[in-house]
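This report refers to the structure that appears directly beneath it.
The values are calculated or read from the model by the stated rules, or taken from the named source; none is laboratory data. All of these numbers come straight from a predicted model, not from anything done at the bench. Heads up, the Cβs are rebuilt from the backbone with ideal geometry, glycines too, and the neighbour counts pull from every protein chain shown. Keep in mind that these areas ignore ligands, DNA and RNA; they rest on the heavy atoms of the full protein, side chains included. Shrake-Rupley method; radii C 1.70, N 1.55, O 1.52, S 1.80 Å.
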Amino acid sequence: MDLKQKAKNLLRQFKGDDYALGVGILDEVGKYAKEYGDSALLISNYTYLKPVVDKVKESLKKYGVALAGNRIVRDAAPNAPREDVYRLEGYILNFKPDCIIVIGGGSAIDAAKAANVLASVGHYSADIEDYFGTGLVTKALQHNDKQLLPLMAIETSASSGAHLTKYSNVTDPVSGQKKLIVDEAVIPTKSVFDYSVTETMPLNLTIDGAFDGIAHTLEVFYGIDEENFELCKEIAETAIELIVKYTPKVIDNLEDTEAREALGLATDLGGYAIMVGGTNGGHLTSFSLVDVTSHGRACGIMNLYYTVFFAPAIEKKLRVIGNVFKKYGYIKEDLTKLSGKDLGIAVAEGMKNFAKDIDFPTKLSDLDGFNDKHITRALEAAKNPQLDMKLKNMPVPLNASLIEEYMGPILEAAKEGDFSIIKNLK
């Protein structure tokens, strides 16, 4: 079966009618919004996304849905700073829309999710800090017999899969630390992705998004249980091959619609993956690097080194992933003859070769502004109970007492680009 058709079948299996995907589907947004009422709070950037916003406005007008507050509300800055969450909450409370429509990438969508939470259950707790963790939004909703407003997420970049998932990442700009809401209540009511809109996305954003898609499928597959192994294997193989095959094509031509669609499908599969299992090491460390790089770039670097650390526990999975990179010439070794850390290094080297081929950084010291304070921050964050789910999702379980001994060398290896520094847990 064609790779893209395989991806579409998987996504249909995942979301059914709750997801509208393809090329040229923005005209339908007004029809979807009308199901929720007569007004919508429209959140978006209105500069580089103006063509998308204008199409959505036309569709809303066609179906008789008014803009709440008679305006477009500015979306969130990168990494969804918490002050943007509180600002968006204010618009929701003041304009009282029947639904929320957010147009943008992961940061915009995550901020809208979190703002919807505060606007709906803020009397339970008005502090976003109290919702970081797993299932705490649902707890608040049940306690107050409330529901979130319907939220339609219109994705514009192939990256995080935020339009499909139960995650909302929010950053404290003062500490430079990102934290996470994990709750099925924040899954968008309706998701829309017209893959053609990504043709206007800059090259760096496109590549970072591709590595974010790899990170989601890779990390979930590494940590998945045997019950869900076959499903996650199919998701990961399909998504990663789409990215490895089509990212160079997008680099050659940013307006290659076929390649753009392929990357959109791949990163959407990343969203599917994180609804089946959980991300782990790469994502955990990325939360402490928000002031020096994008989320996708941080995950893309760190997963090289977590691959080597996890290797003795995930040999069967490494051969699956390794064969994708081998198929496209990034691995020369016979993976059937390798095991343990040696297998992990071979697969990580293949991933590194792919990264270098598209001019993507492969170590933390490649990042402008990175220093040892980021390592200290990452180690402290790994001990935070609010991020404990990332440790629990690791195929090699760690707890707070093991962080310095084992995660410390992983971060040093990532800083230097030296896999030999990594210390495997026996």
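Going by the structure shown, is ASP75 open to solvent by 10 Å² or more (accessible area, probe 1.4 Å) and either touching a helix residue (DSSP H, G or I) at 6+ places or on another chain (Cβ under 9 Å) or among the small types (Gly, Ala, Ser) (or both)? Yes. Considering region 121-222, the qualifying strands (runs of 3 or more DSSP E), each wholly inside and each with 1 or more residues that are over 30 Å from LYS373 (Cβ atoms), run over 151-155, 190-194.
Out of the residues in region 380-423 that are among the polar types (S, T, N, Q) and open to solvent by 60 Å² or more (accessible area, probe 1.4 Å), state the one that is farthest from ILE128 (Cα to Cα). Outline the logic, then answer.
Taking region 380-423 first, the residues among the polar types (S, T, N, Q) are 384, 386, 393, 399, 401, 420.
Filter once more, so that each one left must be open to solvent by 60 Å² or more (accessible area, probe 1.4 Å): 399, 401, 420.
Numbers: ASN399: 26, SER401: 28, SER420: 41 Å.
Filtering region 380-423 for residues that are among the polar types (S, T, N, Q) and open to solvent by 60 Å² or more (accessible area, probe 1.4 Å), the one farthest from ILE128 (Cα to Cα) comes out as SER420.
When LEU49, LEU67, LEU26 are checked against the criterion of being at pLDDT below 95, touching a Lys or Arg at 6+ places or on another chain (Cβ under 8 Å) and not hydroxyl-bearing (Ser, Thr, Tyr), a single residue qualifies: LEU26. Here is a list: LEU379, LEU387. Which entry is part of a helix (DSSP H, G or I) and touching a strand residue (DSSP E or B) at 6+ places or on another chain (Cβ under 8 Å)? Answer to the selection: LEU387. Looking at ALA108, ALA115, just one residue is closer than 30 Å to ILE240 by Cα, crowded, with 20+ Cβ neighbours inside 10 Å and at pLDDT 95 or above, and that residue is ALA108.
Does at least one position in region 25-37 carry a residue that is within 24 Å of the chain's Cα centre (by Cα) and open to solvent by 10 Å² or more (accessible area, probe 1.4 Å)? Before you say what the answer is, go through the steps one by one.
Quick first cut of region 25-37, residues within 24 Å of the chain's Cα centre (by Cα) only: 25-26, 29.
Cutting the leftovers down to open to solvent by 10 Å² or more (accessible area, probe 1.4 Å) gives us 25.
The answer is yes, given that some residue of region 25-37 is within 24 Å of the chain's Cα centre (by Cα) and open to solvent by 10 Å² or more (accessible area, probe 1.4 Å).
Among residues of region 174-202 that are closer than 22 Å to LEU118 by Cα, those with a Cβ under 8 angstrom from a residue that is open to solvent by less than 10 Å² (accessible area, probe 1.4 Å) and among the charged types (D, E, K, R), sequence gap 6+ or separate chain, pair up as ILE181/LYS113; VAL186/LYS113; PRO188/LYS113; SER191/GLU155.
Listed here are the residues, each with its yes/no results for (1) over 26 Å from the mean Cα position of the chain (by Cα); (2) free of Cβ contacts under 8 Å to residues at least 60 places away in the same chain.
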{"position": "HIS295", "(1), (2)": "no, no"}
{"position": "CYS299", "(1), (2)": "no, no"}
{"position": "ASN303", "(1), (2)": "no, no"}
{"position": "PHE309", "(1), (2)": "no, no"}
{"position": "ALA313", "(1), (2)": "no, no"}
{"position": "LEU318", "(1), (2)": "no, yes"}
{"position": "LEU338", "(1), (2)": "yes, yes"}
